[in-house]
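Right, one structure below, let's go through it.
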Amino acid sequence: MTKTNERHVPVLFQEAIDFLRVRPGGTYVDCTLGLAGHASEIARRLGSKGHLIGFDRDPEALALAKERLERVCEELGSQAPKVTLIGEAFSSIAEHVQGVSLDGLLADFGVSSLQFEEAHRGFSFQADGPIDMRMDTREGPTAAQVVNEANERELADLIYEYGEERRSRRVARAIVRGRPVATTGQLARIVASAVPAMKQERIHPATRTFQALRIFVNRELDEIRELLQAAPRLLKPSARLVVISFHSLEDRIAKDSLREGAQKGIWEILTRKPLTAGEEEIERNPRSRSAKLRAAGRQ
Ligand SMILES: C[S@@+](CC[C@H](N)C(=O)[O-])C[C@H]1O[C@@H](n2cnc3c(N)ncnc32)[C@H](O)[C@@H]1O
């Protein structure tokens, strides 16, 4: 077990589990296993007739989640549910759970603490590493390829769109001038020198650019759209959907999709306003500060 694994605290844990309303014998999908914090609790509540289906497109995360869930199942003995793990993007859910009616679906978007803390994954500028940022390390361009090969206009557009960085043109110009850019530390320094932190700003000046590259490389927003489009057909009447997002772009997609679904009689919205972490949770786990949970019931 790694240190990260030991320290891992799932965000909005109790709230997510309560809204999911796990029933023994049911079939539940955790679309974002990560370190299996939420998934372990679902497994504990399912009983021997239950079925947990878990997705993670990151092979390292999937291997860790597998190890962790095996331990939970060993503990549970004859009360362990059936567990199926799928190392693919959750946008492919309809292909993998064909013919199964689900009782609940959980998605806790974004990067796990494991991905964020490991320098070689390149998600963070706190630890210097290669600019990778791919969740699925088996495919797709790395963020380094985007940073070094996209033209200035393309870079500026994606930093604006996915990072909501108003000074995106300046950032893009500095990156192009600073090429080749090899490490996350170098990239952070280039961005910080182009757009120094503004007064009262709590975040590092490179935060938005890093977010933008990550979202772009992993097609994160398309993934969420495709999942939310597929979900209604997979869930039984009265089954639950719980989504946790970490920034406004993700939350907007969830909010709009649920609202449209509610107008069409697909969803009953259970959280009029999204749930957020309390002070105590934020103190324990600063990452939970920006988390928003939305839940709905299939009508
Ligand atoms: C925030 S973590 C989930 C943490 C998890 N709830 C727990 O309790 O440990 C998000 C995980 O979802 C995975 N992920 C993100 N987007 C994905 C996608 N589109 N398809 C499959 N897995 C995805 C990431 O690789 C990461 O491991």
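Before moving on, here are some points about what is shown:
- Any chance residue 69 is over 17 Å from the mean Cα position of the chain (by Cα) and within 13 Å of the ligand (Cβ to nearest atom): yes
- Residues that are charged (D, E, K, R), within 16 Å of the ligand (Cβ to nearest atom) and over 20 Å from residue 13 (Cα atoms), drawn from the range 41-66: 57, 58, 60
- Every residue from the range 17-34 that is near the ligand (Cβ under 10 Å from one of its atoms), open to solvent by less than 20 Å² (accessible area, probe 1.4 Å) and assigned to a loop (DSSP other than H, G, I, E, B): 31, 33, 34
- Test: residue in the range 200-212 that is closer than 27 Å to residue 106 by Cβ, among the β-branched types (Val, Ile, Thr) and under 22 Å from the mean Cα position of the chain (by Cα): yes
- Filtered residues of the range 35-66 (kept if more than 16 Å from residue 80 (Cα to Cα), assigned to a loop (DSSP other than H, G, I, E, B) and open to solvent by 10 Å² or more (accessible area, probe 1.4 Å)): 56, 57
- Boolean, residue 262 is open to solvent by less than 20 Å² (accessible area, probe 1.4 Å) and away from the ligand (no atom under 11 Å from the Cβ): no
- Meets criteria (open to solvent by less than 40 Å² (accessible area, probe 1.4 Å), within 14 Å of the ligand (Cβ to nearest atom) and not acidic (Asp, Glu)) for residue 257: no
- Matching helices (runs of 4 or more DSSP H) fully within the range 115-228 where at least 1 residues are within 16 Å of the ligand (Cβ to nearest atom), open to solvent by less than 80 Å² (accessible area, probe 1.4 Å) and under 22 Å from residue 57 (Cβ atoms): 143-149, 152-163, 207-217
- Pairs where the first residue, in the range 33-55, is closer than 12 Å to residue 73 by Cα and the second is among the charged types (D, E, K, R) and within 12 Å of the ligand (Cβ to nearest atom), C-beta under 6 Å, 6+ apart: 39/30
- Among the residues making up the range 71-102, those that are open to solvent by less than 30 Å² (accessible area, probe 1.4 Å) and not hydrophobic (A, V, I, L, M, F, W, C) are 81, 87, 92.
- Among (1) within 30 Å of residue 118 (Cα to Cα); (2) outside any helix (DSSP H, G or I); (3) of a type outside the set (Gly, Ala, Ser) - the single one residue 73 does not satisfy: (2)
The values are calculated or read from the model by the stated rules, or taken from the named source; none is laboratory data. Model, not experiment: these values are computed from the prediction. Virtual Cβ from ideal backbone geometry, glycine too; neighbours counted across all protein chains shown. Please note that ligands, DNA and RNA were not included when accessible areas were found on the heavy atoms of the full protein model with its side chains. Shrake-Rupley method; radii C 1.70, N 1.55, O 1.52, S 1.80 Å.
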